[in-house]
Amino acid sequence: MDMNMGAEGGILTLELKDQAALYQAYMPFVKGGGLFVNTARQYSIGDDVFVLLTLLEQSEPIPVAAKVVWVTPKGATSYLPGIGIQLSEDNRELMNRIETQLADQLNSKKPTYTM
């Protein structure tokens with residue numbers, strides 16, 4: 001599994017190179033869809049963020065504007081530090097694609113980066 005995440009000049013990057021990484025980052029409980037982005041940068045709930053998202057075998061990143069809806073602080077026991085982002089309605093097609101990729105895992109009880 002390769003999950004490369006970081007921040008460059010205020011832009012976060014999220015590379016989900018396989019289904020396991022996508023599953024771990026996916027946040028199905030977020031209205032409209034959400035993803036977890038591992039980052040040491042500090043954010044607050046409600047902050048607007050810009051993420052360059054690379055999914056599976058895709059070569060070009062998808063620019064995604066989102067809002068912070070979850071914060072896991074640095075030092076949290078058993079969890080990576082980072083933020084959960086809520087995708088805007090403009091990204092509904094992207095969330096449909098993600099849910100299609102995860103169709104057989106959506107009801108799984110395997111742990112994720114947030115639950």
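The values are calculated or read from the model by the stated rules, or taken from the named source; none is laboratory data. Remember, it's a predicted structure, so these values are computed and weren't measured experimentally. All Cβ positions, glycine included, derive from the backbone under ideal geometry; neighbour counts span all protein chains shown.
Taking residue 50 as the residue in question, decide whether it is aromatic (Phe, Trp, Tyr) and either surrounded by 17 or more Cβ atoms within 10 Å (Cβ to Cβ) or on the phi > 0 side of the Ramachandran plot (or both). Spelling it out, it is not the case that residue 50 is aromatic (Phe, Trp, Tyr) and either surrounded by 17 or more Cβ atoms within 10 Å (Cβ to Cβ) or on the phi > 0 side of the Ramachandran plot (or both). State whether one or more residues within the stretch 25-38 are farther than 15 Å from residue 95 by Cα and at pLDDT 90 or above. Within the stretch 25-38 (the criterion being farther than 15 Å from residue 95 by Cα and at pLDDT 90 or above), the answer is yes, since at least one residue qualifies.
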